[in-house]
Every structure is written in C-alpha cells, then in structure tokens.
Amino acid sequence: MAADAPTIVATSGGVVPGARTRWSVGPLTTYAVDLAGVEGRAPRVCFLATACGDQPAVVRDFYDMAQEAGFHGNHLSLFTMPNVDDVREHLLSQDVIWVWGGSVAGLLAMWDLHGVGDVMREAWEAGVVLTGVSAGSICWHSGGTTDSFGPDLRPVTNGLGLVPWSNGVHYDSEEQRRPLFQQLIADGTLPAGYATDDGVGLHYRGTDLVEALTEKADKAAYLVERGPDGTAVETRLDTRLLRG
C-alpha cells in the first residue's frame, strides 16, 4: 500500500506522554500513518533514531509506542553498522518512515555515508509516507536552524531538499529559534520556509503544503519569507486542531 502522492508530515511533535509507557503516539503521527491508507493489516512503520546515535532506550520506547498503537513496528539503525542486510529494500518495504530528533547534522552525515538520503527520495516518490520530529522534520527540507554544533544555534543548509522550503522547529519553545530563522531567511542563507510551534506539523503533498495541523490548542505554523526591503515577513497560518 502507498500514499497516492509523495507525502511528508514534518513536525515539532507527534508524541505525547504515555499512561503506561514513557511516550505514546500523538495525533500528528497517527495522522501521518493514516495517510498511508493501509487497510486489513497493521501498517508497517520503520523508526530511525539516527539523530540521537540510535540510542537503545529510544528504540525501545518506539517499540512500546508501536505495540500500543497497533503498528507493525521495525527500525533501521546505522550504529555501529546497519542492522539490516539491504537498507534500500528495507525502507522501500515500509508504509511509513518515522524519524526521531537529535542532531540533524549528524543524521545527514550518517545518511550520506550509507546512501540513506537517496533511498529516502526513492521511498517518498514511491508513496512511502515520511514523517518525523525536530531533526526528523528539518531533514526533508533544504535546511533550518540546529543545535547540532552547540548551544548557540547555527544554520544547516544541506537537508535532503525533498521539499524546497526551509524549516524552523520548536519555534515557540526555544528562544533562539524564531529570530535566527527569520535572520537566515532575510539574509538569503535559507530560502523561504515554514516554522512550527511545539505540537504542530506540516502536511506536504508533493512539494506543496496542504495544511498545518496541531496537537495542541492555540499553537500554529508560520510562513516566513524575505520581504521586498530585505527583512523577514512572518505570516501565521490557519492551523487545524487534531483530536487525539
């Protein structure tokens, strides 16, 4: 089963605190999985924790979430070696690929080393739904802001570019995010892009934004563009509340 068009749900959320587990699948991730259109069986969801070094505890948390949500969960690790014989075959067999947060610079470097970026484009074009949080959101875009290099945020400009926009995550919860994202767009370091408050996601169909979605009331997504005078112009987008 595949989505009927290349599909990405890029988020600053997708998980919520669990009742019996550390985390549970949040409405944004449920929405992404539903877009795969799987019927009659559990959706195949592959989890990548590359951005946090494939920490075993994070992978265990995923399996807890997947079992609770009724997914057929599996994962791709790259540290210390890939855990599957054929990375391409494994990723192309999925309904959904879910990418966790951490160091987006580290994620992109490891993906490049193992050829994962090229496979992600192939999977996206084949209708595998791509989703993720934070680093797992920025990676699909041309770039964004990151703390991969230290506590002072810096730009990352070598995203996969599946969609031609930049991406600002954690826009309302980390004080450096909003001003730096606007500055980088104003000075041309990043192209125009979309930013998400915590709990908000962006649904792309092909390279076009379909809509902004939120797990939390009063949260939003934003379009940030370079204005005619060379300053950043921010537009708050209509953002639809998903019910858990």
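Below, the figures for the structure above:
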read-out	value
Cα centroid separation - segment 158-197 against segment 53-83, whole Å	28
For segment 60-74, 3J(HN,Hα) per residue [Karplus equation, 6.51 cos²θ - 1.76 cosθ + 1.60, θ = phi - 60°, Hz, x = Gly/Pro]	4, 4, 4, 5, 4, 5, 5, 4, 4, 7, x, 7, 8, x, 8
Stokes-Einstein translational diffusion, the chain - Kirkwood Rh over all Cα pairs, 1.306 mPa s, 10 °C, in µm²/s	90
Over the chain, relative contact order from alpha-carbon pairs under 8 Å, at least 6 apart, %	21
Built amide H within the under 5 Å cut-off of LEU241, gap 5+	THR214
MRE, 222 nm, helices only [DSSP H, n ≥ 4, -39500 (n - 2.57), over the chain, to nearest 500]	-7500 deg cm²/dmol
3J(HN,Hα) from dihedral phi, segment 160-165, Karplus parametrisation 6.51/-1.76/1.60, rounded to Hz, x for glycine, proline	5, x, 4, 10, x, 9
FRET efficiency for ASP229 and PHE149, using Cβ-Cβ distance with R0 set to 41 Å, rounded to 0.05	0.85
Cα→Cβ-extended label distance, 7 Å offset, between GLU211 and ALA109, nm	4.0
Relative contact order (percent, whole number), segment 54-133, Cα cutoff 8 Å, 6+ residue spacing	30
Within the accessible area of segment 177-244 (1.4 Å probe), percent carbon and sulfur	45
Residue-normalised accessible area of the chain, given per residue in Å² at a 1.4 Å probe	43
Sum of side-chain charges, GLY159 neighbourhood, beta-carbon under 13 Å (Lys, Arg +1; Asp, Glu -1)	0
Integer Hz, Karplus 6.51/-1.76/1.60 couplings in order for segment 126-140, x for Gly and Pro	7, x, 6, 6, 9, 9, x, 10, 6, 4, x, 10, 4, 4, 6
Net charge of neighbours whose Cβ lies under 12 Å from the Cβ of GLY13, counting Lys and Arg as +1 and Asp and Glu as -1	-2
Computed label-point distance, nm, for sites ALA19 and ASN83 using a 7 Å Cα→Cβ extension	2.8
Whole-number percent relative contact order across segment 43-100, with pairs defined as alpha carbons under 8 Å at least 6 apart	54
Accessible heavy-atom area order of THR30, THR157, THR239, highest first, probe of 1.4 Å	THR157, THR30, THR239
List TYR63, TYR31, TYR204, ordered by accessible area with a 1.4 Å probe, largest first	TYR63, TYR31, TYR204
Segment 103-120 residues near the modelled ASP187 label - backbone nitrogen below 20 Å, point 7 Å along Cα→Cβ	105
Scaled radius of gyration (Cα, divided by 2.2 N^0.38 Å) that segment 138-244 gives	1.01
Three semi-axes of the equivalent ellipsoid, segment 85-179, Cα gyration tensor, whole Å, largest first	25, 13, 11
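The values are calculated or read from the model by the stated rules, or taken from the named source; none is laboratory data. Worth saying up front: this structure is predicted, and the values here are computed from it rather than measured. Heads up, the Cβs are rebuilt from the backbone with ideal geometry, glycines too, and the neighbour counts pull from every protein chain shown. The accessibility values were calculated without ligands, DNA or RNA, using every heavy atom of the protein model including side chains. Shrake-Rupley method; radii C 1.70, N 1.55, O 1.52, S 1.80 Å.
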